[in-house]
2 protein chains.
Amino acid sequence: MEVLERALELERAGRSIVHLEIGEPDFPTPPRIVRAAEEALRRGDTHYTDSRGTASLRAAIARHYETAYGASVSPDRVIVTMGTSPALLLVLSLLIEEPGDEIIVGDPGYPCYPNFIRHLRGVPRRVATGEETGFQLDPAAVRRAIGPRTKGIIVNSPSNPAGTLVPPGDLAALCDLGIPAISDEIYHGLVYGERARSALEFAPDAFVLNGFSKRYAMTGWRLGWVVAPACHIRRLQILQQNLFICASSFAQQAGIAALSETHPEIEEMRRTYDARRRYLLAELPRLGLRSAVEPRGAFYFLVNARHIDGDSLRLAFDMLECSGVAVAPGIDFGEGGEGYLRISYANSIERIAEGVRRLETYLNDRAR
Amino acid sequence: MEVLERALELERAGRSIVHLEIGEPDFPTPPRIVRAAEEALRRGDTHYTDSRGTASLRAAIARHYETAYGASVSPDRVIVTMGTSPALLLVLSLLIEEPGDEIIVGDPGYPCYPNFIRHLRGVPRRVATGEETGFQLDPAAVRRAIGPRTKGIIVNSPSNPAGTLVPPGDLAALCDLGIPAISDEIYHGLVYGERARSALEFAPDAFVLNGFSKRYAMTGWRLGWVVAPACHIRRLQILQQNLFICASSFAQQAGIAALSETHPEIEEMRRTYDARRRYLLAELPRLGLRSAVEPRGAFYFLVNARHIDGDSLRLAFDMLECSGVAVAPGIDFGEGGEGYLRISYANSIERIAEGVRRLETYLNDRAR
């Protein structure tokens, strides 16, 4: 966040900045989805809905698990939320019963996970991951970290910051440790060359978070969902009703269109991301910026930059000031991210190429 | 909620139900506001915004305090949220520092207030209000309830469930007790025959919650805001960024249109509510359902029904089963609401009149 703020400041002062720190699709929402919202608005669909979400959207989400994963999910197990973040807040509110209850998260990992946990007076129990597991949780390491106060395990595949997928066997094992698994699947749909597996394929009782932001380029719509075990739905619904009332009515209509209609733009976006990914896969090692495991999802590379500077925040700021390229310092994702940089390809191939050119000059200058 | 669920169940089974339990405007969103959202959607305004909200919406909200209340508010003190509920969650997250910290709320009062407080492991300190103060907090009673752990006082004027306003002198006094005042002003704009006063007129450092749901009939948009003291904004912004990211981008554009353009429908809605209110003001006492203080805001009457049945939940269920009229039992709003019924006029005058006819028959039958 500090790097982003400084980048925006430099931009306002007239500097040209290449944004490779962004965590948001650079595409517009596909037009049929937009049209569904416009139609809903014109119909006067501007009132509260059922706090769980409309029956049709919950049914569309349930069908999605059947068609995309072959997993059977009842619509009664779905709660529609104002994005994946409020969905996580609901689930953690349920699982963290007492102050001090622990939730296991990977290190490095999405920085908001520990913040959510601490917000609810829980304790984030960070389990180190590393290059050997593609920065995904190792089931054996997680088992060792489980204690009497462990109330949940957050899995994130494809992951932020590394863009890597957890192997199916590990996902199954992580769901089978006797502790509720919370699978954040927001980057499903942005996967290249393989198929993302849902925790629901292995563990019908997993908590699964997903939303429309990434796959459908709908960040500004604030629409997501949680699939939860049937026995927890009533409590989640009461939480949702009390804290948030419901998700936006016409955004929910757009969500139905997203899941039920065909959008050629979705596959086109995925192919565009993949072309950028392959470009960086060739270029970054040439700059000495290597990722141990090929990222096959989301729109991130987590590259090792320790040989340049072990202090990733200092390095990111120096890159920004000297070359006008903004990247996210690995330390933002936990101590396990120190020495790494997260490079996002949610930007045009032209800007990414410009970023690579600038980084090359910067690194050559530093090496001199 | 139980009454609403049963009412919907009866309706599905074919019964005719008159809904006087609803807390939501029965009007569509004014067309210029809808149009602003459609234009934003077509422009591709579907991305994340600044977590505080767009600069133009924050500026429009700040101007609103100048024009509507003569209160000077910097846009930097405004955070745009996904409705007033998440705004309250942010403020209470800030004020409840330790489990057991207390927040003062009126009894009866909006039932979600205590739920929010308990969710954050705080303690709702309920201060009884009564007919003599129109179910608004009495500053002297609040002063007596303040203890070492008191971290805030929630004021709600016009109030849910009573539709009454706090007198300006009392509002000023409640903001001057040395404890942060949180003024929930969501029903401002739905006020009849007087002017609603903002806490910001008396206490520039109050926390003020408001939103677009009620005045602009925008419940399904999920858009609200909080005005907070400058010294707390950074922490609120970090909470907002972590928990919610931001409010919907194109809904924010609609919010600008709501505040900046002229909407004849708004005054028309207000006049329609007022006509219904005056109708009930004449009819309810004829049925023996009296409210001690004339409700001059929101769309609620809180009427004393103790002479019919002291158990408001039993009475509401009996009314529903026997006459098909759904009202909210006072006990839902706290023990101080026991013996009362909340009657909403967020329904057409025809349906309200039908409800009155049915209640008259019901009450006559009971009296026999």
Given (1) assigned to a helix (DSSP H, G or I); (2) in contact with a helix residue (DSSP H, G or I) (Cβ under 7 Å, 6 or more places away or on another chain); (3) of a type outside the set (Val, Ile, Thr); (4) modelled with pLDDT of 95 or more, index of the condition B:Arg52 fails = (1)
Looking at the range B:185-198, is at least one residue among the β-branched types (Val, Ile, Thr), closer than 24 Å to B:Ser344 by Cβ and surrounded by fewer than 24 Cβ atoms within 10 Å (Cβ to Cβ)?
-> yes
Restricting attention to the range A:1-30, which residues are loosely packed, with under 14 Cβ neighbours inside 10 Å and within 9 Å of another protein chain (Cβ to nearest Cβ)?
-> A:Met1
How about the range B:31-42: which of its residues are surrounded by fewer than 21 Cβ atoms within 10 Å (Cβ to Cβ) and within 27 Å of the chain's Cα centre (by Cα)?
-> B:Pro31, B:Arg32, B:Arg35
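Quick check: is even one residue across the range A:349-362 among the hydroxyl-bearing types (Ser, Thr, Tyr) and buried (at least 21 other Cβ atoms within 10 Å of the Cβ)?
Kept after step one, since they are among the hydroxyl-bearing types (Ser, Thr, Tyr), are these residues of the range A:349-362: A:361-362.
Narrowing further to those that are buried (at least 21 other Cβ atoms within 10 Å of the Cβ): none.
There is no residue in the range A:349-362 that is among the hydroxyl-bearing types (Ser, Thr, Tyr) and buried (at least 21 other Cβ atoms within 10 Å of the Cβ).
Quick one: which of A:Tyr113, A:Tyr65 is assigned to a helix (DSSP H, G or I), within 18 Å of A:Ala230 (Cβ to Cβ) and either in contact with a Gly (Cβ under 7 Å, 6 or more places away or on another chain) or assigned by TED's automatic domain parsing to the domain that holds A:Thr219 (or both)?
Values: A:Tyr113 fails: within 18 Å of A:Ala230 (Cβ to Cβ).
Step by step, each of A:Tyr113, A:Tyr65 is checked, and only A:Tyr65 is assigned to a helix (DSSP H, G or I), within 18 Å of A:Ala230 (Cβ to Cβ) and either in contact with a Gly (Cβ under 7 Å, 6 or more places away or on another chain) or assigned by TED's automatic domain parsing to the domain that holds A:Thr219 (or both).
What do you reckon, is B:Asp170 of a type outside the set (S, T, N, Q), on the phi < 0 side of the Ramachandran plot and more than 14 Å from chain A (Cβ to nearest Cβ)? Reasoning before the result, please.
Details: of a type outside the set (S, T, N, Q): yes; on the phi < 0 side of the Ramachandran plot: yes; more than 14 Å from chain A (Cβ to nearest Cβ): yes.
The answer is yes for B:Asp170.
Tell me, please, whether a residue that is at the interface with chain A (Cβ under 10 Å from one of its Cβ atoms), not in a strand (DSSP E or B) and not small (Gly, Ala, Ser) can be found in the range B:201-211.
Within the range B:201-211, the first condition is being at the interface with chain A (Cβ under 10 Å from one of its Cβ atoms), and the residues that meet it are none.
The answer is no; no qualifying residue exists.
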Determine whether the range B:155-163 contains at least one residue that is crowded, with 20+ Cβ neighbours inside 10 Å, in a strand (DSSP E or B) and touching a residue at least 60 places away in the same chain (Cβ under 8 Å).
-> no
Go through (1) in contact with an Asp or Glu (Cβ under 9 Å, 6 or more places away or on another chain); (2) of a type in the set (Lys, Arg); (3) within 29 Å of A:Asp45 (Cα to Cα) and name the single condition B:Arg271 misses.
-> (1)
Number of the condition not met by A:Asp318 [criteria: (1) part of a helix (DSSP H, G or I); (2) touching a residue at least 12 places away in the same chain (Cβ under 8 Å)] = (2)
For the range B:327-343, does any single residue satisfy the condition of being of a type in the set (A, V, I, L, M, F, W, C), over 20 Å from B:Gly134 (Cβ atoms) and assigned to a helix (DSSP H, G or I)?
-> no
Any chance A:Leu8 is more than 21 Å from the chain's Cα centre (by Cα) and assigned to a helix (DSSP H, G or I) = yes
When residues of the range B:97-109 are limited to those that are among the hydrophobic types (A, V, I, L, M, F, W, C) and more than 15 Å from the chain's Cα centre (by Cα), the one nearest to the other protein chains (Cβ to nearest Cβ) = B:Ile103
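For every residue, the table says whether it meets (1) under 21 Å from the mean Cα position of the chain (by Cα); (2) surrounded by fewer than 20 Cβ atoms within 10 Å (Cβ to Cβ); (3) at pLDDT below 95; (4) among the aromatic types (Phe, Trp, Tyr).
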{"residue": "B:Ala275", "(1), (2), (3), (4)": "yes, yes, no, no"}
{"residue": "B:Leu284", "(1), (2), (3), (4)": "no, yes, no, no"}
{"residue": "B:Pro295", "(1), (2), (3), (4)": "yes, no, no, no"}
{"residue": "B:Phe299", "(1), (2), (3), (4)": "yes, no, no, yes"}
{"residue": "B:Arg306", "(1), (2), (3), (4)": "no, yes, no, no"}
{"residue": "B:Cys322", "(1), (2), (3), (4)": "no, yes, no, no"}
{"residue": "B:Ser344", "(1), (2), (3), (4)": "yes, no, no, no"}
{"residue": "B:Asn364", "(1), (2), (3), (4)": "no, yes, no, no"}
Mind checking whether some residue in the range A:134-148 is in contact (Cβ under 8 Å) with a residue 60 or more places away in the chain and acidic (Asp, Glu)?
-> no
Any chance B:Phe135 is over 22 Å from B:Ala87 (Cβ atoms), modelled with pLDDT of 95 or more and surrounded by 24 or more Cβ atoms within 10 Å (Cβ to Cβ) = yes
In the range B:199-224, which residue that is touching a Gly at 6+ places or on another chain (Cβ under 6 Å) and among the small types (Gly, Ala, Ser) is farthest from B:Asn347 (Cα to Cα)?
-> B:Gly224
Would you please name the residue that is surrounded by the most Cβ atoms within 10 Å (Cβ to Cβ), looking only at residues in the range B:43-96 that are within 14 Å of another protein chain (Cβ to nearest Cβ) and without any contact (Cβ under 8 Å) to a residue 24 or more places away in the chain?
-> B:Gly44
Of the residues in the range A:170-217, those that are farther than 30 Å from B:Glu38 by Cβ, of a type in the set (Gly, Ala, Ser) and more than 12 Å from the chain's Cα centre (by Cα) come to A:Ala172, A:Ala173, A:Gly178, A:Ala181, A:Gly193, A:Ala196, A:Ser198, A:Ala199, A:Ala203, A:Ala206
Residue list for the range A:113-132, restricted to those being in contact (Cβ under 8 Å) with a residue 24 or more places away in the chain and either surrounded by fewer than 17 Cβ atoms within 10 Å (Cβ to Cβ) or among the hydroxyl-bearing types (Ser, Thr, Tyr) (or both) | A:Tyr113, A:Arg121, A:Ala128, A:Thr129, A:Gly130, A:Glu131, A:Glu132
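Just to verify a result, which residue in the range B:116-135, among those that are part of a loop (DSSP other than H, G, I, E, B) and touching a strand residue (DSSP E or B) at 6+ places or on another chain (Cβ under 7 Å), is nearest to B:Glu98 (Cα to Cα)? Can you show your working first?
Filtering the range B:116-135 down to residues part of a loop (DSSP other than H, G, I, E, B) leaves B:120-122, B:129-130, B:134-135.
Pick out the ones that are also touching a strand residue (DSSP E or B) at 6+ places or on another chain (Cβ under 7 Å) and you get B:122, B:129, B:135.
Details: B:Gly122: 7, B:Thr129: 27, B:Phe135: 29 Å.
Out of the qualifying residues, it is B:Gly122.
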Which ones in the range B:218-246 are hydrophobic (A, V, I, L, M, F, W, C), under 24 Å from the mean Cα position of the chain (by Cα) and facing chain A (nearest Cβ under 7 Å)?
-> B:Met218, B:Trp221, B:Leu243, B:Phe244
The residue from B:Glu350, B:Glu335, B:Glu268 that alone is at pLDDT 95 or above and under 28 Å from B:Glu11 (Cβ atoms) is B:Glu350
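Taking the range A:221-255 only, how many residues are without any contact (Cβ under 8 Å) to a residue 24 or more places away in the chain and of a type outside the set (A, V, I, L, M, F, W, C)?
Start the filter on the range A:221-255 by keeping residues that are without any contact (Cβ under 8 Å) to a residue 24 or more places away in the chain, which leaves A:231, A:234, A:238, A:242.
Right, trim to of a type outside the set (A, V, I, L, M, F, W, C) and you get A:234, A:242.
Residues in the range A:221-255 being without any contact (Cβ under 8 Å) to a residue 24 or more places away in the chain and of a type outside the set (A, V, I, L, M, F, W, C): 2 in total.
The values are calculated or read from the model by the stated rules, or taken from the named source; none is laboratory data. Everything numeric here is computed off the predicted structure, so don't read it as measured data. Glycine also receives a Cβ, built like all others from the backbone with ideal geometry; neighbour counts cover every protein chain displayed.
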